[in-house]
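Trainee: Here you go, one structure.
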Amino acid sequence: MNNLSSFLKENAIKIENIKYVTSKRFIDKDGKPIEWELQAITTEEDEEIKGACTKRVPIAGKKYQYVNETDYPLYMGKLAARCIVYPNLNNAELQNSYGAMGADALLKRMLTAGEYTDLLSKVQEINGFDIQFEDKVKEAKN
């Protein structure tokens, strides 16, 4: 018989936050790049973010029929902002210094396009979105 106690919340291995140098442009007093702290989020949090970025759009030529469309750039920005623990992107002083309103808007103003893309990749990785189907098949075969 299988032991279900392994699946209890208190027995699950906790996903640790990671430190990541998002940009070499933000340095400490010693001239070293400052590490940002990132965390994984729950499926519930992800669904909430995705829901906020999804809207019903009418299907052309079909009366009373709709399809859900997710604004993926908006979703990825909100996901990244939610996963960042440090720096505090909700800090009013930080947002004011960049003239941004909201954590996801702040990120886009703080980072270059390349830095932002790298950050989005890291956020996907820590949330388990980076694992390709082929990798899962290889792992299952081993």
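Computed from the coordinates by the stated procedures, all read-outs in this text should not be read as laboratory data. Since the model is a prediction, treat every value here as computed from it, not as a measurement. Note: ideal-geometry Cβ built from the backbone for every residue, glycine included; neighbour counts use all protein chains shown.
Trainee: Spin-label point model (7 Å from Cα, Cβ direction): what's the I27 to K108 distance in nm?
Mentor: 3.0 nm
Trainee: Grab the DSSP H runs of the chain that are 4 residues or longer, score each as -39,500 (n - 2.57), total them, divide by all residues and round the 222 nm result to the nearest 500 deg cm²/dmol. Mind showing how you got there, number by number?
Mentor: Details: 6 runs with 60 residues, N = 142.
Value at 222 nm, helices only: -12500 deg cm²/dmol.
Trainee: With springs connecting C-alpha atoms under 10 Å apart, model the chain as a Gaussian network and identify which of I34, I59, I18 has the largest mean-square fluctuation.
Mentor: Per the Cα network of the chain with a 10 Å cutoff, I59 tops the list.
Trainee: List the residues of the stretch 76-95 whose backbone N lies under 13 Å from a point placed 7 Å from the Cα of Q39 along the Cα-to-Cβ direction.
Mentor: Within reach of a label on Q39: 82-89.
Trainee: Let me ask you something else. Quote to one decimal, in nm, the extra length available between D118 and A92 on full extension: 0.36 nm per residue of separation minus the C-alpha distance between them. Write out the running numbers ahead of the final one.
Mentor: On the way: separation 26, 0.36 × 26 = 9.36 nm, distance 2.50 nm.
Gain on extension, D118 to A92, equals 6.9 nm.
Trainee: Just the C-alpha atoms of the stretch 1-44: what Rg/Rh do they give, with Rh taken as the Kirkwood radius?
Mentor: Values: Rg = 17.9 Å, Rh = 13.7 Å.
That ratio equals 1.30.
Trainee: Sticking with this structure for a sec: Taking the Cα centre of the chain as origin and charging only Cβ (+1 Lys, Arg; -1 Asp, Glu), how large is the dipole, in debye to the nearest 20?
Mentor: I would put it at about 440 debye.
Trainee: Given the peptides 37-43, 114-120, 73-79, arrange them by the average over their residues of other C-beta atoms within 10 Å, most packed first.
Mentor: Descending mean neighbour count gives 73-79, 114-120, 37-43.
Trainee: OK, next. Pick from E35, E44, E125: which residue has the top mean-square fluctuation in a GNM of the chain where Cα pairs under 10 Å get a spring?
Mentor: In the Gaussian network model the winner is E44.
Trainee: May I pose another question? For the charge dipole of the stretch 78-134, defined by +1 on Lys and Arg C-beta atoms and -1 on Asp and Glu C-beta atoms about the Cα centroid, which residue among I84, T112, S97 has the Cα displaced farthest towards the positive pole?
Mentor: Working it through, the farthest residue towards the positive pole turns out to be S97.
Trainee: How large is the translational diffusion coefficient of the stretch 8-88 in µm² per second when you combine the Kirkwood radius over alpha carbon pairs with Stokes-Einstein at 25 °C and 0.890 mPa s? Numbers along the way, then the final one.
Mentor: Values: Rh = 15.8 Å.
Reported coefficient: 155 µm²/s.
Trainee: Right, next: Calculate the radius of gyration of the Cα atoms of the chain to one decimal place, then report Dmax, the largest Cα-Cα distance, as a whole number, both in Å.
Mentor: Computed over the Cα atoms of the chain, radius of gyration and Dmax are 19.2, 64 Å.
Trainee: Which one of R82, R56, R25 has the biggest mean-square fluctuation once the chain is modelled by GNM with Cα springs under 10 Å?
Mentor: Top of the fluctuation ranking is R56.
Trainee: Quick one: net charge around K55, please, counting Lys, Arg +1 and Asp, Glu -1 for every other residue with C-beta under 12 Å from its C-beta.
Mentor: Net local charge, K55 excluded: 0.
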